[in-house]
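Before any comments, here is the structure.
The values are calculated or read from the model by the stated rules, or taken from the named source; none is laboratory data. Computed from a predicted structure; not experimentally measured. Please note: Cβ atoms are built from the backbone with ideal geometry, for glycine as well, and neighbour counts cover all protein chains shown.
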């Protein structure tokens, strides 16, 4: 069972990123309520949409999700998704004042990413030397 947990976690994390990434291009999930106009959150997302940067991020999410779901490429996928996960958490801390940290998708992504990183820590240790 111990060897199956990273595969299950990788599959779930990959599925989450593929689903949320594809939802940007082909909307199939309900949209969250729009932020209050003129708020920092609204201005932040306006900049991401207008510049096309959000499309790039979502493409990285899809690619990283696919890579994380495949056991042989999981670590490469974690490297691609690491900055995305950090930015998701930073957004929730700084833009929502921490209120968004208790949302289930945020918790799921953070916990699964941390677990996969911890389970492959010996492979990532070379990056720190």
Among the residues of the range 100-122, is any modelled with pLDDT under 90, farther than 21 Å from residue 9 by Cβ and touching a helix residue (DSSP H, G or I) at 6+ places or on another chain (Cβ under 9 Å)? yes
Search result, residues across the range 1-18 that are surrounded by 11 or more Cβ atoms within 10 Å (Cβ to Cβ) and over 16 Å from the mean Cα position of the chain (by Cα): 5, 6, 7, 8
If I ask for residues that are surrounded by 13 or more Cβ atoms within 10 Å (Cβ to Cβ) and farther than 19 Å from residue 103 by Cβ, which ones from the range 19-42 would you list? 22
Does the range 97-105 contain any residue that is within 13 Å of residue 17 (Cα to Cα) and exposed (fewer than 14 other Cβ atoms within 10 Å of the Cβ)? yes
Would you kindly identify the helices (runs of 4 or more DSSP H) lying entirely within the range 17-129 that contain at least 3 residues that are under 30 Å from residue 4 (Cβ atoms)? 53-69, 74-94, 104-119, 121-124
In the range 48-81, how many residues are out of contact with any helix residue (DSSP H, G or I) (no Cβ under 8 Å at 6 or more places or on another chain) and in contact (Cβ under 8 Å) with a residue 12 or more places away in the chain? 0
Checking residue 2 against (1) in a helix (DSSP H, G or I); (2) modelled with pLDDT under 95; (3) closer than 26 Å to residue 117 by Cα, the condition it does not meet: (1)
Within the bounds of the range 82-91, is there any residue that is more than 17 Å from the chain's Cα centre (by Cα) and at pLDDT below 95? no
